[in-house]
Structure formats: C-alpha cells, structure tokens
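Participant: Here you go, one structure.
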Amino acid sequence: METLSTIAAARRRREADRREGRTVAFVPTMGFLHEGHLALVRRARKLGEAVWVSIFVNPTQFGPGEDFERYPRDLERDAALLEVEGVDVLFAPTVEEMYPTKPVVQVGFSGLDAVLCGASRPGHFAGVGLVVARLFNIVEPHVAVFGQKDAQQALLIRRLVEDLSFPVRIEVAPTVREPDGLAMSSRNAYLSPEERAAAPVLYRALRAARAAILAGERDPLAVEALLRGRVESEPLARLDYAACVDRQSLKRPERIDGPVLLALAAHLGSTRLIDNIPVDPPLEASP
Ligand code: PAF
C-alpha cells in the first residue's frame, strides 16, 4: 500500500493508474476505522482494480463546540488495517494540504441539508459537500462507496454528483452493527460502559417502528411518536430527532404509502449517535 499525504503525489499516482488502465474505487473516511469502514473497503475491492481510501478529519464539517479536536485518530493502526484489506493507496493529507487558503466556494443543498442531522449541525453538510467534491477532484474515482449509516450524507452526495456531473458512481453499503444492534461508529469509542449498554436503544426503536409500519401503520406522526417514546424510555438517552421521511425529499409524507427512511439521533452523555433504517411498506391490496 502506498501512503500519500500530498495532492501532487496523489495526482501522480492517479496518473499511473490511468496509464495502466486501472479502474479506481474510493472510500473517503475520517479514520479510526472499524468493521463498518472495512465493509466499505471490501465492497470497493469488488468494484475497482485499484482501491483508494482517504483519511482526513475534515474541520469544515464540524461546528463550533463539536468534537473536531477530540475526534479519535490513529493513523498507524488504520494503515495496518487497510494494508491487510489489500488497499492500494491511502491518501492522508494534513489540514494545511487540503485547505491552504480558506475556501470561498460553498456547497449548498437547497434545504435538504437543513433537516434531520443538518438541523442540529448547521453547516455540517456544506463542509461534507466541499471536502467530498475536493477529494473527488483529487482522486477522480470511477466509483465511491459510502455507508447507509449516514443516510442523509449519502443522499446529498448523490445529488452533488448528479448536479455537478462528477463522473463517479456512488454505491451505498448497508450499516454494519455490533451483535446487540448498535451501528458501528468511530464515536462509539466515546461511550462510557453504561452509555454503551444503553446505546442499542436506537436500533431497537427503529425496529419497533419498522414492525409497526409492516403491521399496517400508515401515519408517519404515529411512527415518529413510537420512535420518540422508545428512545425516551432510556434514561441515559436524550433525543435529538426522530423522523419518518420520504427517502428522496427527506420530508414527512402525509401518509406512508411508499419507501420511507426512519432516522434517529440521540445524545448519550456528550456523544451524539445516529442510526436509520429504510422501510418499504408492503403494497396495499387493491379493493
Ligand atoms: O462519512 C465520513 O466519514 C465523512 O463525512 C466524509 C464522507 C469522509 C467526509 O469528510
């Protein structure tokens, strides 16, 4: 595996891949890798001849008072894990390399970035959009793999690629969970043992809401109330949002009669966790 920290070196390596006719599959990450990331890397391995992974804790997607400084980092361990997965290139630039000057271009998503996670993290998706666009222009991948755990991010990146004609295909891989259902996340490392024990409440709430839809519930407000009730029954959890929304518009439908996304965010102590599941309600029998 080649580890590169400058944009110039990445472009040189990318040129070699192009000359030798290798397709590139790319997994952008912020590091502190877990099985969820490795599942994305394995998916990328199947999709491209050269697998590129980036590790960059992107300051522009963290708000003031968020966890940019304390976000867990361990480049050496991450590099060893990626080596085992047969990754070809690890691109790990510094903040100065990625942002030599303060960017003036802003990426906006016309409100799709102001709901769900965007409502409690203003500016977050603008930061994600900017860094992903920049990474795509450096790596020029044929395909890029993102996780379903960040469902809103995956949707916005699809829109970014579509609206700006990036020649890259976006693949979204399923959420990888711990045996008790907790979605894998680098931020799980922040949880105290008590918070860790309480954290699967998010997935249990999502499953209960999905079961209600599959059993015939069609009122999104009732589904959201169910989600809220389940999370709030856990004393250590403080709900941020509980949503039952259309998968494309991220708006709550009048009635659940098509595919929806059930999405949750909650704080456990000082750690904010998110999770979601897509649900396809069974088609109603025609009268
Ligand atoms: O999902 C993440 O880890 C980040 O938001 C991403 C896509 C690497 C951009 O910094």
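The values are calculated or read from the model by the stated rules, or taken from the named source; none is laboratory data. Note that the structure is predicted; figures quoted are calculated from it, not measured. Glycine also receives a Cβ, built like all others from the backbone with ideal geometry; neighbour counts cover every protein chain displayed.
Participant: Which members of region 77-106 meet the condition of being in a loop (DSSP other than H, G, I, E, B), of a type in the set (A, V, I, L, M) and farther than 18 Å from N137 by Cβ? It would help to see each step written out before you state the result.
Facilitator: Of all residues in region 77-106, those in a loop (DSSP other than H, G, I, E, B) come to 85-88, 92-94, 99-106.
Keeping just the survivors that are of a type in the set (A, V, I, L, M) gives 87, 92, 104-105.
The answer is V87, and nothing else.
Participant: When you go through A16, A50, A79 one by one, which is the residue that is more than 15 Å from the ligand (Cβ to nearest atom), among the aliphatic types (A, V, I, L, M) and more than 23 Å from the chain's Cα centre (by Cα)?
Facilitator: Numbers: A50 fails: more than 23 Å from the chain's Cα centre (by Cα); A79 fails: more than 23 Å from the chain's Cα centre (by Cα).
One residue alone meets the criteria, A16.
Participant: Residues in region 101-114: is at least one of a type in the set (A, V, I, L, M), under 20 Å from the mean Cα position of the chain (by Cα) and more than 15 Å from the ligand (Cβ to nearest atom)?
Facilitator: Looking only at region 101-114, we keep the residues that are of a type in the set (A, V, I, L, M), and these are 104-105, 107, 112, 114.
Next cut, under 20 Å from the mean Cα position of the chain (by Cα) only: 107, 112, 114.
Those still in the list that are more than 15 Å from the ligand (Cβ to nearest atom) too: 112, 114.
Yes, some residue in region 101-114 is of a type in the set (A, V, I, L, M), under 20 Å from the mean Cα position of the chain (by Cα) and more than 15 Å from the ligand (Cβ to nearest atom).
Participant: Count, please, the residues in region 145-167 that happen to be within 13 Å of the ligand (Cβ to nearest atom) and either surrounded by fewer than 16 Cβ atoms within 10 Å (Cβ to Cβ) or touching a residue at least 40 places away in the same chain (Cβ under 8 Å) (or both).
Facilitator: 12
Participant: Applying the selection to region 38-69, what residues are part of a loop (DSSP other than H, G, I, E, B) and under 16 Å from P28 (Cα atoms)?
Facilitator: Just the residues of region 38-69 that are part of a loop (DSSP other than H, G, I, E, B), to begin with: 48-49, 56-58, 62-69.
If the condition is that a residue be part of a loop (DSSP other than H, G, I, E, B) and under 16 Å from P28 (Cα atoms), then G48, F56, V57, N58 are the ones that fit.
Participant: So which pairs qualify, if the first residue must be in region 258-271 and more than 19 Å from P200 (Cβ to Cβ) and in contact (Cβ under 8 Å) with a residue 40 or more places away in the chain, the second must be among the polar types (S, T, N, Q) and buried (at least 20 other Cβ atoms within 10 Å of the Cβ), the Cβ gap must be under 6 Å, and the two must be at least 6 apart or on different chains?
Facilitator: L261/N276
Participant: Picking from G181, G229, which residue would you name as being of a type in the set (G, A, S), modelled with pLDDT of 95 or more, farther than 30 Å from L135 by Cα and surrounded by 15 or more Cβ atoms within 10 Å (Cβ to Cβ)? Step through it out loud before you land on a result.
Facilitator: Working: G229 fails: surrounded by 15 or more Cβ atoms within 10 Å (Cβ to Cβ).
Matching residue, one of G181, G229: G181.
Participant: So, one more: Quick check: is even one residue across region 198-218 in a helix (DSSP H, G or I) and among the β-branched types (V, I, T)?
Facilitator: As a first pass, look at region 198-218 and keep what is in a helix (DSSP H, G or I): 198, 201-214.
With the extra rule that they be among the β-branched types (V, I, T), the set shrinks to 201, 213.
Among the residues of region 198-218, at least one is in a helix (DSSP H, G or I) and among the β-branched types (V, I, T), which makes the answer yes.
Participant: Identify, please: which residue in region 115-144 is farther than 21 Å from V41 by Cα and not in a helix (DSSP H, G or I) and is, among those, farthest from the ligand (Cβ to nearest atom)?
Facilitator: V115
Participant: Out of the residues in region 254-271 meeting the condition of being within 15 Å of R187 (Cβ to Cβ) and either hydroxyl-bearing (S, T, Y) or more than 14 Å from the chain's Cα centre (by Cα) (or both), tell me which one is surrounded by the fewest Cβ atoms within 10 Å (Cβ to Cβ). Spell out how you get there, then give the answer.
Facilitator: We begin by selecting, within region 254-271, every residue within 15 Å of R187 (Cβ to Cβ); these are 264-271.
Subset that is either hydroxyl-bearing (S, T, Y) or more than 14 Å from the chain's Cα centre (by Cα) (or both): 266-271.
On the way: A266: 24, H267: 15, L268: 24, G269: 14, S270: 11, T271: 18.
Among those that are within 15 Å of R187 (Cβ to Cβ) and either hydroxyl-bearing (S, T, Y) or more than 14 Å from the chain's Cα centre (by Cα) (or both), it is S270.
Participant: Another question, then. Within region 45-54, can one find any residue that is of a type in the set (G, A, S) and over 30 Å from C117 (Cα atoms)? Steps first, please.
Facilitator: Start the filter on region 45-54 by keeping residues that are of a type in the set (G, A, S), which leaves 48, 50, 54.
Filter once more, keeping what is over 30 Å from C117 (Cα atoms): 48, 50.
Yes, region 45-54 contains at least one residue that is of a type in the set (G, A, S) and over 30 Å from C117 (Cα atoms).
Participant: Follow-up question, since we're still on this one. Restricting the search to region 14-51, which residues are buried (at least 19 other Cβ atoms within 10 Å of the Cβ) and charged (D, E, K, R)?
Facilitator: If the condition is that a residue be buried (at least 19 other Cβ atoms within 10 Å of the Cβ) and charged (D, E, K, R), then R14, D17, R43 are the ones that fit.
Participant: Still on this structure, please answer the following. Could you say whether any residue in region 246-253 is charged (D, E, K, R), within 21 Å of the chain's Cα centre (by Cα), assigned to a strand (DSSP E or B) and farther than 16 Å from L182 by Cα?
Facilitator: Within region 246-253, one or more residues are charged (D, E, K, R), within 21 Å of the chain's Cα centre (by Cα), assigned to a strand (DSSP E or B) and farther than 16 Å from L182 by Cα.
Participant: Report the residue count in region 75-124 for those that are surrounded by 14 or more Cβ atoms within 10 Å (Cβ to Cβ), among the hydrophobic types (A, V, I, L, M, F, W, C) and within 23 Å of R22 (Cβ to Cβ).
Facilitator: 8
Participant: What pairs can you find where one residue is in region 120-141 and within 24 Å of A266 (Cα to Cα), the other is within 9 Å of the ligand (Cβ to nearest atom) and assigned to a helix (DSSP H, G or I), and their Cβ atoms are less than 6 Å apart, with a gap of 6+ or different chains?
Facilitator: Partner pairs satisfying both residue conditions: H124/Q61; G127/T60; G127/Q61; V128/Q61; V128/Q153.
Participant: With the structure loaded, tell me whether G181 is touching a helix residue (DSSP H, G or I) at 6+ places or on another chain (Cβ under 6 Å) and more than 16 Å from the ligand (Cβ to nearest atom) or whether it fails that test.
Facilitator: yes
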